[in-house]
Structure formats: structure tokens, C-alpha cells
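The values are calculated or read from the model by the stated rules, or taken from the named source; none is laboratory data. These numbers come from a predicted model, not from an experiment. We place every Cβ from the backbone using ideal geometry, glycine too, and count neighbours over all the protein chains shown. In case anyone asks, the SASA skips ligands and DNA or RNA and just uses the protein heavy atoms, side chains included. Shrake-Rupley method; radii C 1.70, N 1.55, O 1.52, S 1.80 Å.
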Amino acid sequence: MGPLSATAFVLISLVKVIVVFTVIMVVVALMTLAERRVAAWIQDRSGPNRVGPWGILQPLADGLKNLLKEENLPGAASAGLFFAAPMIAIFPALVLFAVIPFASPLPTRWGLVPMIVADIPVGFLYIVALASLGVYGLFLAGWASNSKYALLGGLRASAQMISYEVGLGLSLVPILMLAGNVSLPAIVGQQQELGVWYVFPLLLAFTFFIVSAFAETNRLPFDMPEAESELVTGYHTEYSSMKFSMFFIAEFSNVLTQSALMATFFLGGWDIPFWSGDNMRALADGTIVGATPALWKTLLTLGAFALKTGFFVFVFIWVRWTLPRFRYDQVMALGWKVLIPLLVAYIAIQGGAMLGLQAGGIDSGRTYALALFGLNFVLLALLLFWLDRGRVIRGSWGASRRRTQLIARAPENVGAASEEAAAV
Amino acid sequence: MTGTTTPSTPAQVRQVPAPRPDVEEMRSRIGVAVRGVEYDAAGDPILYVDPERNVEVLAHLKGSEGGSYDLLRDITGLDLGGGHPIYVVYDLWSTAEGRPLRVKAQLRADRPRLASACDLWRAANWLEREVYDMFGVTFQGHPDLRRILMPENYEEGYPLQKDFPLRGRFTRAEQTRRAMSMALDDVYSMEELVTAGSGGEDGLPELARRQMAQTPGVTARAAPSELAGAGAGRDDDIETRNMLINIGPQHPATHGVLRLVCELDGERIVGCTPHIGYLHSGFEKLSEYRTWNQVITLTDRMDYLAPMMFNVGYALAVEKLLDVEITPRCKVIRVICCELNRILSHLLWLGTTAIDIGAFTPFLYTYQERERIYNLHEAYTGARMTTSVTRIGGMMADVPPGWLDGVREFVETFPRTLAEVDALLTRNSIWIGRTQGIGVIGAEEAINYGLCGPNLRASGVPHDVRRDRPYLDYETYDFDVPIGELGDTYDRYLVRMEEMRQSIRILEQALERVPDGPINVADSRVILPPKSETMNSIDGMIAHFKLVMEGLKVPAGEVWYSIESSKGELGFYIVADGGPKPVRCRYRTPSFMNMAVLPRLVEGELLADMIAVNASIDIVLGEIDR
């Protein structure tokens, strides 16, 4: 099988764009349902289960409702930006998906079709660049609403997202060091070759990435910009109808994209573990390295990718319904004073370790990966130990100490007082 | 079940006890300022003082040599009508010695005036504002004397004066017309004016400027750098202005219709002014127009989160006035009701506090448990929130069969849920980071602000009415009073969590000892005789007739009776003249006192902290606004 002809490339790309967009939209709709059902499950209640079997048509009903709701434009709002903001918010979340490979290459009549919308060689840079754009939507929404709550939400959103982008970008640097490539399909291929997913040799990077991803998506415990108990709903306080809904679509698309990124960067993307039948890599000229591609393999790997992404989506939901919310200054302190310095130090340590190992003759394979895993594990344990001692946020150690002091017995003078009162 | 009979409290004596030495001593010391001493139905001393020298006497009482009545529990008014003078009543409590003292100042009805006690107690601020609002008493030297429960532009007069008609001085049509024609921006509070004018007077609306000119002491600020705590480290080239943000009356985190006007520098709170009164229902006025038993239905509408406690507290106060000793079974049932409601109320606080700090799930866990208590309410009284469970002299009915088993099942299973929520929050780093060291108030200051209940105990003051002045035989139950050390939001959280566990302990003991026997007193002055007696004996017939036609009659006198409600010390100051209706029902509600401290707690904190602190002081607007 050779490379695709130019016409085929254009047509197939078009098909891929439409299919992927549709699938994302459907998945996002289902995620709203999943969020509500999982929340209900965690909270010991039923959740939406009336519209269709298991409430599966609930998102449809919600969508219809939102379309029919009254459009609202506050008198003091800046109309143009007010309308543009939801669109700007939703755009980066959707286009980010273009560079994520979601299955093994598919052999077709016209040639080998890579299962990725745009196999650009600078996938990583594309992600870092576009992820930054998302903040404009939220900030403009907050500013254009001309409402104090929305403004505070917008300010928080911009400060938080800009801060954590740095963390997000830095936590990906170890991957680049390990993979030596910025193309996402190549990163998946590297993990297959290494035989170990990057979550192990880069455990600490994974931890930092997941924290940054939560902050980037504005999900609890980092949902400062919305913080409904403080800012009503933050930047989208003044929005109604479908524009309001679009912010939610943007948030869920972001969650989906970040989950897919985590799956790709750290869990081997569409790789199926303990099976070499899917270890294939399409080169730029259309030739394939490794196992033979097949339709059933594409479907299987697609399933693996969906499972991994779904797992992270679940983690997003799970965390949201478990933890309280940080405070704004705590979020910023965590980002600038903890995450970024630690990441820089980590990159240095990880780089040093890799150089050391390579100097020792180990530069690939399982031994290499396991050695790095050992290092990461120790570092992570140290980090958690340090965090728990309560420098940034006071840890549970402090709490338990105070608690024992608290439950004091009744004071001595009380008995006397009651006797006296009785004597009156 | 046949439990042991509870040991009865010492006879609730009516006769006037020997004058307390400290009072006598005081009379000798300040002489003319103290005009007389009296004792109320509960035997508590009442000091009549010279209105010109009230602050002098109060300062003496507050100071150590006068007996150290350090806690100002209440300031209220008393208008007997018919040309009688107006009284201002101070209620003090000595935390060290655990006894109360009431101070009364008699004022001229036509121009009531008195010196403010704000310099002695910060707690006097809101209390004096309420007396001004309701009785028209002007407190000289009060820093911010304006209406508190009624709207600031209320023109009908002072509602609790006796000659004020129940429905107001204006006709309905006139009231409606005024309400409709009022411009929304008409009323600017002093704080709003001050902040709005922080950039000079230029940007102000015409009306605000006019109002500012009329309000003494308010001037537009020249430069923002003069604002307290705001100017430091700021680039002088950039002109900045603090933002005024209105939180409420409709806001997810104000727990009802509360409005907080906050001045923000970035996200830091420079000042915060609570505006209350949106839920003002005039219960105190209304009580004067209802018979003694009818008032019970008003009490549970104040703290609808712990309705039975209010029922019980009111009934106890009136029984004190009547000098009626309720039956042992009734006492234990009332204890069960009270402690169930303490858990009910604390659970709501726990759930909503968790939501306010961002953890949604504990809210639903606690609500499921609350649902079980509501089911118990329903099984007993038929109502879920407005229980009206007590009657003067007993309960509305004996508990239905199986009800105590329902309580027992709750007592056995509830600690599991509590432990679950405890596991989710108490040692959670984010929770700790959000609550520790936030909204700190020390013991001395807490007393000065008149904080009460768990909030006061969290600051390390071990004041619990159940221990310091036991009612319903609380002294025979074995329970601990948890206290905190720092008085921060986390301590308030821990104290309430522990109180729920202690309530379970009390419930367990109460369930063990529920005695058999009648639930109501066999006193035909207060409780209808049984039907058989009404039908068969002339005495019963007469008692029934008199009670139905004339109503319960409470002998003339007054009492200040307090119980430990879930939110703090709940006081009932009730004055009777021997008639079928109260002359004055003063509800000294704990949340009112706790709410007043909020501005002090949140100053300099972040906006998010204010939400957490506001949640942690556990307010319910129904009883703040009454």
C-alpha cells in the first residue's frame, strides 16, 4: 500500500474531520449525562433516568431546552464580544483533537489512512499553542458581560489558565526528552517500542500534568472561574440559552481533549498492552513498520483508546464530586510557587538520570524504563511526604494534632455554676 | 418502656430570694444610679437604673469589681402602652460565675433617649439599632444608628410601640402605592456612599450626592490610597478604585435572603456590611396579638431548621412564668426533640458549608439523614418543618407507638454517615487550607461581640446553657461540651461535628430513661382535662369551658428564659399582665448576634473566605429577621 493520492487525501481528511467532529459532539453530550449519572451514583441518588432508557436521551432534551430558552443580552454588555466569547471558548477545545491519533492506521482501497485528523509533525507545539487560546473565550465572556461577578470570574480564569499553561507545557518536556519527537503518533510509537507506557518512567510528569489539566479545564478543585458559591457562576453568569450551553460544551470538550491527551502521552494512546499485533507505525511515505494493519485491529485499538480516555473522563468526574474547592490565591501559589519550580527541578533531575543511564550503556528497553520509574516513584513519594507536612496547604498531620486538643472536657466551674443556679 | 424516673429538679421556687450581696453592694457603691432591685419569675435579679447613668452602671457591672457580667446577651425595649414609660432592658451574663442580671432603664415615652453602650460591648451595636428601629429609642453616641429590620425609608413609625396598629399605620393601598413608587436606587447605605465616593464626588448619581450631603460624617474620599489596608504597594500612577459588590439578597451562598455589601480591593475584602430584614415577619409584634398557645406556631417559623427547639424554649419560658412543673415523661421527650433538632440543624449547616467550600457530595449525604429526622417529625406532629410540637404544660400529644424505636434506629445508624462525611472533610488538605486560620476571633473578643453557641465555644469560651443553667434536667445527662482553641472556621467546624456526636450520646441516654406516665400536666389551668372528666364532672366541665373561652391565663410577671439552641443561646423575654395574651414576647435569637460579627471576621480576608466564614457561623435568616 502506498501513500494516498492528493485527491484521496483531501476527501478522506474531509470525511475524518466531519466524523471526528460529530463523534466528539455526541460524546460530549453523553459526557453531560455521564457526569450527572456518576454524580448521582457517588451521591447515593438516581440521577436523570426518565428520558429514554437509562436517561440516554437526556442530553437531547437538554439541548432542545437550551435552544428554546430566551436569548439574553444584558443592557450594559459589549454585544459583539459577548456573542463571540462562547465561540472562542469552544474553538480550541475542538481543534485540539485534530492532532490526537485515536487508532492504528486503517488500510483502504486508496492507501493507508492514518487515524488522526491532521498528522502534523509539530503536534506537541500545536497543542501548547492552541490550548492558550481557550482563555480568551472565558476572559472575554467575563469582560463583555459588564457584570461584577462575571468580571471576577473572567479575571480568575485568565490568571489561572495562563499560570497553569506553563505547568502543562513544562510537564510535557520530559516526554519530549524521552521520546525525542514532538509528533503525537511518534510518541505513541515510541511507547510501543519501549514496551512500557510513559506513565511509569514519567510518573511525576504524569502527576504534574494531571494537576495542570484539572486547572486548565477549570474543573473542581480548580473551578475558581465558576465557583458558584462565590461568584454565582463566574464568567458565564450573564449568559443564557445556547450561549450558556456552549460554555458547557467547551468545558466538556476540554475535559475530553485533556483525557485523550493524557491517554496518548502517558497510557500509550491506542496501544493495546501485552500484545505486539498492534505495534505498527506509518511512515510519512505511507509504508508501515511493524505489524500488518487491518480493519479489525483499527477497531480494537480505537476501543483501547476510548477505554483509556473514558477512564480519565471518569477520574475528572470522580474528583469533582469528591473534593472541596481551593481558594484563588492558593491555586496561584500552587501553580507558581510549587508546580513550576518543582517541574524545572524535575526536568533537570530526569534529564540527568537519563544522561547517566545512557552513559552507563542503558539507553532503551525495559531496564531503562524501570530505572526511571524507580527514580520517579521515589521523587513522588518525597513530594507527597513534603506536601503533607503542610507548607503549601496545611496537611492532615496538623489537623489530627489539633483535633485531639479540641475535645476538651467541660470546664470545672460549670458544676459550681449549675449548683448556684439551682439554689436560686 | 419503663425507664428510671429522672430525678426532679429542685423545686422551682417562686418566692423572692434574699437579695444577692453583689446587688446590695452595688447599690451602696453607685447609690443613686441604682433605683431598685426586683426578682423575676425565675428568681433572676432585675436592676432598675437611672437612665442618665446607664452606661456608668453597665461599665461597673462589666468591670471585674462589679461582678463581671461580661457577656451582653440582649438589649430590648418594653412598651407597656397606656401612657406608661418605655423601658430599655439589658440582659447580662457572667461567664465566670454563670449567672444573669437584667438592667432596666425607664425612659420618657414621648422622647425616649439613652446613652449607647457600644463602647462597652460591640454586641450592643445591632441590638441598639433594633431597639431604635422597633421602639424609636435614640441611642446617643451610637456609631451607626439606623433602621435594621425595617427598610431604611420606612415612615410608618416604630412597630413595637404599643399604640402601633398590627397592620401598620398606613392603609394597604397607601403601603402598596409607596412600595410601587419607590425608586430602586433611592436608598444608599452609608457604606455604599463611602465607597462610591472613593474617587471623589464626581461619579456619583445625583441622589447619592444629595443623600451624602445630608448624612453627617460621610464625605467622599479624596484618593483611593487612603482606604484602609488598600494603598500599600500600589503603583501610584494607576488610578484604582475599590469595587463594591452586592452579594445577595439572591445569591447561592447567603443561605436565605441576606444582602452583603462588600468593598473589594481585588479579591480582598476591605469592608462588608450585612443588610438584614428581608424576611422580617414581625413575630414579636404578632405574638402580642395571639393567645399563649397560639404563639407556639410562630416560634417554629423563626428557626425553621430546628423548629422543635423554639417550641420547647417558648413553652419552658411560659411554664416558668406559670410556675408549672411538667411531667418527667414530657421532659425526656422534649430532650429527644431538642437533640434531634440540634442534629437536624447542624446537618444542614454541614451540608451547606461543604457546598460553599466547593464539596457538593456531603450535602446530599447530610440531606438524606435530615430526611430521616423530618420523617420522624412527620410521624409525630404531622408536619415536617413547622412542627408546633409543644403546648404550655406538655406536648401536642404523646409520641405515637413505635416512634421511639424510629429515633433509636436513627441514633444507631446516623453515626456511620457522620463518620463518612468526617472522612471526606476533616483531614482533607483542601478543606483544612480553606478553613484553618480563616475568620479568627479570640475568646475575649467573641464575648465582647456577644457571639453565642458553637461559635462562642469554638473561640474557647465554654458557655453552654445546657451546663451553665440546666433546663429539662440536662445536668443529669452525661455529655461533653466541645470547645475550640483559635476560634477559626475550622474550629467552628470541629465543634459542631463533635456536638452532633454528643447529641447522639444524649439521645441514647434519653431513650434509655423515657418514663411511662402522662405527657401533660394534670393542671386544668393550662391543659384541657380529659374528655371523660369534661363530660362527667362539673369541675371538668367548668375547667374545659374556661380554658376554651378565656384561654390560658399567665400571672403577671416577666421572665428571661434561655435554652441552648443549635445556633446558640436562644432567649425568650416574656412579659405577662395576667391576661390571655403576652404583653411582650422578645425573641433573642442566636443568629442575630452571630451575624453581627461577620464584618469583623471577614475584614482583610478574600472573597472566597467570606463565603466560608459566613457559612461557618451558621445563620438562619428566619430568626435573624424574625
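Here are a few things to note about the model shown:
- Any hit, the range A:200-207, residues being under 22 Å from A:Lys337 (Cβ atoms), in contact (Cβ under 8 Å) with a residue 60 or more places away in the chain, under 16 Å from the mean Cα position of the chain (by Cα) and not in a helix (DSSP H, G or I): no
- Selection status of B:Met302, touching a Cys at 6+ places or on another chain (Cβ under 7 Å) and in contact (Cβ under 8 Å) with a residue 24 or more places away in the chain: no
- Odd one out for B:His377 among (1) surrounded by fewer than 16 Cβ atoms within 10 Å (Cβ to Cβ); (2) in contact with a Ser or Thr (Cβ under 9 Å, 6 or more places away or on another chain): (1)
- The listed residue being surrounded by 13 or more Cβ atoms within 10 Å (Cβ to Cβ), more than 14 Å from chain B (Cβ to nearest Cβ), among the basic types (Lys, Arg) and more than 25 Å from A:Tyr239 (Cα to Cα), out of A:Lys16, A:Lys69: A:Lys16
- Taken together, the residues in the range B:99-121 that are crowded, with 22+ Cβ neighbours inside 10 Å and over 18 Å from B:Glu56 (Cα atoms) amount to 2.
- Test for B:Leu598: is it more than 27 Å from B:Leu316 (Cβ to Cβ), touching a Pro at 6+ places or on another chain (Cβ under 7 Å), open to solvent by less than 10 Å² (accessible area, probe 1.4 Å) and more than 14 Å from chain A (Cβ to nearest Cβ): yes
- Some residue of the range A:302-311 being of a type outside the set (Asp, Glu), surrounded by fewer than 23 Cβ atoms within 10 Å (Cβ to Cβ) and closer than 22 Å to A:Leu176 by Cα: yes
- Qualifying residue in the range A:355-364 (condition: farther than 20 Å from A:Gly195 by Cβ, in contact with a Ser or Thr (Cβ under 7 Å, 6 or more places away or on another chain) and aliphatic (A, V, I, L, M)): no
- Residue within the range A:51-62 that is aromatic (Phe, Trp, Tyr), open to solvent by 70 Å² or more (accessible area, probe 1.4 Å) and either farther than 29 Å from A:Arg281 by Cα or in contact with a Ser or Thr (Cβ under 6 Å, 6 or more places away or on another chain) (or both) present: yes
- For the condition more than 14 Å from every other protein chain (Cβ to nearest Cβ), of a type outside the set (Asp, Glu) and under 21 Å from B:Arg334 (Cβ atoms), B:Arg513 qualifies.
- If the condition is being touching a residue at least 40 places away in the same chain (Cβ under 8 Å), within 14 Å of chain A (Cβ to nearest Cβ) and open to solvent by 10 Å² or more (accessible area, probe 1.4 Å), then the range B:74-98 contributes only B:Thr95.
- Segments classed as helices (runs of 4 or more DSSP H), wholly inside the range A:281-384, with at least 1 members that are within 14 Å of another protein chain (Cβ to nearest Cβ) and touching a residue at least 12 places away in the same chain (Cβ under 8 Å): A:295-320, A:328-333
- Look at (1) open to solvent by less than 10 Å² (accessible area, probe 1.4 Å); (2) out of contact with any Asp or Glu (no Cβ under 8 Å at 6 or more places or on another chain); (3) at pLDDT 85 or above and you find that A:Phe83 fails only one, number (1).
- Residues (within 13 Å of chain A (Cβ to nearest Cβ) and surrounded by fewer than 18 Cβ atoms within 10 Å (Cβ to Cβ)) located in the range B:495-510: B:Arg505
- Residue in the range B:524-531 that is crowded, with 21+ Cβ neighbours inside 10 Å and farther than 27 Å from B:Ala42 by Cα present: no
- As a summary of the residue check, A:Leu261 satisfies the conditions (1) touching an Asp or Glu at 6+ places or on another chain (Cβ under 6 Å); (2) open to solvent by less than 10 Å² (accessible area, probe 1.4 Å) except for the one numbered (1).
- Here is the figure for the range B:394-423: residues that are open to solvent by 40 Å² or more (accessible area, probe 1.4 Å) and assigned to a helix (DSSP H, G or I) total 9.
- Which listed residue, of A:Gly352, A:Gly361, is under 21 Å from A:Ser171 (Cα atoms), open to solvent by 20 Å² or more (accessible area, probe 1.4 Å) and small (Gly, Ala, Ser): A:Gly352
- The residue that is nearest to the other protein chains (Cβ to nearest Cβ), among those in the range B:348-367 that are open to solvent by 10 Å² or more (accessible area, probe 1.4 Å) and either at positive phi or under 21 Å from the mean Cα position of the chain (by Cα) (or both), is B:Thr352.
- Where B:Pro45 falls short, out of the listed (1) modelled with pLDDT under 80; (2) within 13 Å of another protein chain (Cβ to nearest Cβ): (1)
- Every test in (1) within 14 Å of chain A (Cβ to nearest Cβ); (2) open to solvent by 20 Å² or more (accessible area, probe 1.4 Å); (3) charged (D, E, K, R) is passed by B:Arg391 save one, and that test is (1).
- Filtering the range B:432-454 to residues that are closer than 25 Å to B:Ser562 by Cβ and either outside any helix (DSSP H, G or I) or not assigned by TED's automatic domain parsing to the domain that holds B:Ala359 (or both) leaves B:Ile441, B:Gly442, B:Tyr449, B:Gly450, B:Leu451, B:Cys452, B:Gly453.
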